[in-house]
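Peer 1: Sharing a structure with you now.
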Amino acid sequence: MKEKLRALLEDPRCVKALATVGEAGAPHVVYKDSMRLDADGNLEFYEMVETSQTGRNLVHCLWYGKEVAVNLLGSGGESLQIKGVPVRAVVCGDAFEAAYVKLRERYGGDADLSAIWTVEVREVRGNGLAHRLARQRERFPLIGHIDRFVDRERIGE
Amino acid sequence: MAQGQSDWRAWEPGLAEVVKRHPKVSPFVILKTDVQRRGAVLTERARRAIRPEKDSTLYRGINLESNADIPWGFLLRDGTSVLCTIEAEDPDRFERTREPYTIDYVDGKHVLADEGKALEAITWIPTPAYTWKKTRKGTPMWQVLIARPQRMDINLYQTCDFWKDGGMGCRFCVAGATMKATKHDKAEIPDLDDIEDAVREALKQPGRYRSVFLCSGTILTGAEPQDDEVNLYIEMLQRVGKYFTERKVMSQIVATAFTEKQLRRLHDETMLCGYTADLEVLDEELFSWICPGKAKHIGYREWRERLYRAADIFGPGRVSSGVVSGVEMAQPHGFSDEDEALRVYLAEAENLARHGVSISQQIFHVEPGSVFFRQRTATLEYLTAFAEGLDALSRKYGLTCHCDDYLTCGNHPNTDMARAWQGGGR
């Protein structure tokens, strides 16, 4: 699964959604194009806006060990659902400054860097429709509309 | 009751218990508070793993001189700065009431530990790029400019006129002792050309600084009292300000309480955004005992009035007052009951908040060289409850602290917590 995750994160057309909650419990979803795997297999991405809701929520989750959710949707329709916990916010140092320079060069204007966030991956699972339906069928075979199991001939169709 | 290093844990709730009791306070902030209160000792192997070219160890300022291989602060993994006393292993080191934390080096990482148990991996404050360079006059730049993780610090008058007025220095302060110990190495006021050279060089390091901070001991002289101090700030701020395209750039001074006329000059003639004048103690009688110089030359009520005027001029959330949290328990005149102290302190903090002035909590820790070096510091439970109360007041009155938060300062447990809410939204 880790290789699938890496491949998806390296797909330049992959859509990378991050969902967080803060102290008020309100969900908040953003896209994090910068998300990648670090050397330890954790998710790493930039938060560019110091006062953003995402930044505040990530702080809340790091402080209190709360999970965040990530959904990756690749260019071929493949999808992964990830649960993890923020474990680090880098706010200074060589890596921070290098990222800051890169972002300034790319975006210019008011582009800034608040922190480089690391989310420790706790769970990864396939999230495509076929995968999810098959998983449910395996775990809960009785759930769903029963007409799917009808013998069409016997009911005269 | 006297309690020594061996038994203090039996008398007060420890870190884990305080974290459990205060679910609204960041556990990282509580840990920081405890480290600031107790200090830390660097094991020999941890010391050998310090890389001064990367890990900031050099420091020359009002309250500290460090040219050894021991850092003066570190960061927790959430980005929280911990500026604290860090000492080498030494059986003869100054003994405080509670034993310090340990910083060890395990599996290639520096870790913070207590009672032999590793608590958190830490990283050191990065050495700024200007450190090894010299000014045009040949002064090493580290001697005239300090770099916190995201802030540059200029210390101007590196002593204090209250200390020069026998017995009038603040009783917790080490500025007088620091100056006495280093007077052969540094001037009372560093050369402003040197500072300007260092600032100009520092600004060449992208992503390193979010704010410019200036601090000075009190200067009582001038056409009107403190005018010389104000003029010193104005000159330095103008020297720095000319390097920016914007008229106002994130900046803060921690200074004496100035008159409205002096405050207006600072606001109108410089880049300055944030102003802090430290009451240190939120009780008039204790203020007079603990800060006799401030009491004699300005007085508690006048100091507070000047803070209110400052908030009118700079705006709410841009003016604060530092409190040396826990010094109010100093004996024989301080509070003997922490619940009573908390009630009195939060009531006065709310009074200030109503006028747009927030409180910046600094943790009282005893240091040799201060009058209070034998005092006992407050419990972690008390310090955490105060931080929680201050955070609640800031939220209630909408007092953000962008000029003095975890990045633009990093020395106040209560303002460290503002990063979880300031910025609006839900």
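Peer 1: Among the residues of region B:290-312, write down those that are free of Cβ contacts under 8 Å to residues at least 60 places away in the same chain, out of contact with any strand residue (DSSP E or B) (no Cβ under 8 Å at 6 or more places or on another chain) and not basic (Lys, Arg).
Peer 2: Result: B:Ala295, B:Ile298, B:Gly299, B:Tyr300, B:Glu302, B:Glu305, B:Asp312.
Yes or no, residue by residue, for (1) within 19 Å of B:Lys54 (Cα to Cα); (2) in a strand (DSSP E or B):
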site: B:Trp142; (1), (2): yes, no
site: B:Pro149; (1), (2): yes, no
site: B:Gly169; (1), (2): no, no
site: B:Ile189; (1), (2): no, no
site: B:Ala198; (1), (2): yes, no
site: B:Gly207; (1), (2): yes, no
site: B:Leu214; (1), (2): no, yes
site: B:Glu224; (1), (2): no, no
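Peer 1: Continuing with the same structure: Given the criterion modelled with pLDDT under 95 and among the charged types (D, E, K, R), identify the matching residue among A:Asp94, A:Asp147, A:Asp112.
Peer 2: Being modelled with pLDDT under 95 and among the charged types (D, E, K, R) holds for just one of A:Asp94, A:Asp147, A:Asp112, which is A:Asp147.
Peer 1: Now for a separate question. Regarding region B:277-291, can at least one residue be identified that is farther than 17 Å from B:Ile253 by Cβ, touching a Pro at 6+ places or on another chain (Cβ under 8 Å) and surrounded by fewer than 24 Cβ atoms within 10 Å (Cβ to Cβ)? Please lay out each step first, then the result.
Peer 2: Step one: list which residues in region B:277-291 are farther than 17 Å from B:Ile253 by Cβ, which gives B:281-291.
In the following step, the residues that additionally are touching a Pro at 6+ places or on another chain (Cβ under 8 Å) were identified as none.
Within region B:277-291 (the criterion being farther than 17 Å from B:Ile253 by Cβ, touching a Pro at 6+ places or on another chain (Cβ under 8 Å) and surrounded by fewer than 24 Cβ atoms within 10 Å (Cβ to Cβ)), the answer is no, since none of the residues qualifies.
Peer 1: Which of (1) buried (at least 22 other Cβ atoms within 10 Å of the Cβ); (2) assigned to a helix (DSSP H, G or I) does B:Phe74 not meet, given it meets every other one?
Peer 2: (2)
Peer 1: On to the next question. Of everything in region A:114-157, what is outside any loop (DSSP other than H, G, I, E, B) and within 30 Å of A:Ala99 (Cβ to Cβ)? Give them in sequence order.
Peer 2: Selection gives A:Ala115, A:Ile116, A:Trp117, A:Thr118, A:Val119, A:Glu120, A:Val121, A:Arg122, A:Glu123, A:Val124, A:Arg125.
Peer 1: Would you call B:Val319 touching a residue at least 40 places away in the same chain (Cβ under 8 Å), surrounded by 23 or more Cβ atoms within 10 Å (Cβ to Cβ) and either among the aromatic types (Phe, Trp, Tyr) or under 23 Å from B:Ala418 (Cα atoms) (or both)?
Peer 2: yes
Peer 1: So which residues in region B:77-97 are within 14 Å of chain A (Cβ to nearest Cβ) and either crowded, with 22+ Cβ neighbours inside 10 Å or under 17 Å from the mean Cα position of the chain (by Cα) (or both)?
Peer 2: Keep residues of region B:77-97 that are within 14 Å of chain A (Cβ to nearest Cβ), which gives B:77-83.
Result: B:Asp78, B:Gly79, B:Thr80, B:Ser81, B:Val82, B:Leu83.
Peer 1: Tell me which residues, restricted to region B:224-247, are in contact with a strand residue (DSSP E or B) (Cβ under 7 Å, 6 or more places away or on another chain) and within 13 Å of B:Leu263 (Cα to Cα).
Peer 2: Hits for region B:224-247 are B:Glu229, B:Tyr233.
Peer 1: Scan region A:30-43 residue by residue and report those that are under 10 Å from A:Val70 (Cβ atoms) and in a strand (DSSP E or B). First the steps, then the outcome.
Peer 2: Pass one, region A:30-43, residues under 10 Å from A:Val70 (Cβ atoms): A:32, A:35, A:43.
Correct list: A:Leu43 only.
Peer 1: If you don't mind, another one. In region B:98-106, is there at least one residue being over 15 Å from the mean Cα position of the chain (by Cα), buried (at least 22 other Cβ atoms within 10 Å of the Cβ) and among the charged types (D, E, K, R)?
Peer 2: no
Peer 1: All but one of (1) part of a loop (DSSP other than H, G, I, E, B); (2) touching a Pro at 6+ places or on another chain (Cβ under 6 Å) hold for A:Val101, so report the exception by its number.
Peer 2: It is condition (1) that A:Val101 fails.
Peer 1: Which of the residues belonging to region B:385-426 are within 14 Å of chain A (Cβ to nearest Cβ) and under 30 Å from B:Pro332 (Cβ atoms)?
Peer 2: B:Ala387, B:Glu388, B:Pro413
Peer 1: Another question about this same structure. Out of the residues in region A:80-111 meeting the condition of being surrounded by 15 or more Cβ atoms within 10 Å (Cβ to Cβ) and in contact (Cβ under 8 Å) with a residue 60 or more places away in the chain, tell me which one is nearest to the other protein chains (Cβ to nearest Cβ).
Peer 2: My answer is A:Ile82.
Peer 1: Let me confirm something: among B:Leu232, B:Leu203, B:Leu237, B:Leu220, which residue is closer than 30 Å to B:Arg374 by Cα and touching a residue at least 12 places away in the same chain (Cβ under 8 Å)?
Peer 2: B:Leu220
Peer 1: Then there is this: Residue check: is B:Gly39 touching a residue at least 40 places away in the same chain (Cβ under 8 Å) and outside the structural domain of B:Thr102 (by TED's automatic domain parsing)? Before you say what the answer is, go through the steps one by one.
Peer 2: On the way: touching a residue at least 40 places away in the same chain (Cβ under 8 Å): yes; outside the structural domain of B:Thr102 (by TED's automatic domain parsing): no.
Here the answer is no, as B:Gly39 does not meet what is asked.
Peer 1: Give just the number: which of (1) over 13 Å from A:Thr118 (Cα atoms); (2) among the hydroxyl-bearing types (Ser, Thr, Tyr); (3) away from chain B (no Cβ under 13 Å) does A:Thr20 not satisfy?
Peer 2: In the conditions (1) over 13 Å from A:Thr118 (Cα atoms); (2) among the hydroxyl-bearing types (Ser, Thr, Tyr); (3) away from chain B (no Cβ under 13 Å), A:Thr20 misses (3) alone.
The values are calculated or read from the model by the stated rules, or taken from the named source; none is laboratory data. Only a predicted model underlies this, so the values are computations on that prediction, with no experimental measurement involved. Every residue, glycine as well, gets a Cβ built from its backbone with ideal geometry; the counts of neighbours run over all protein chains shown.
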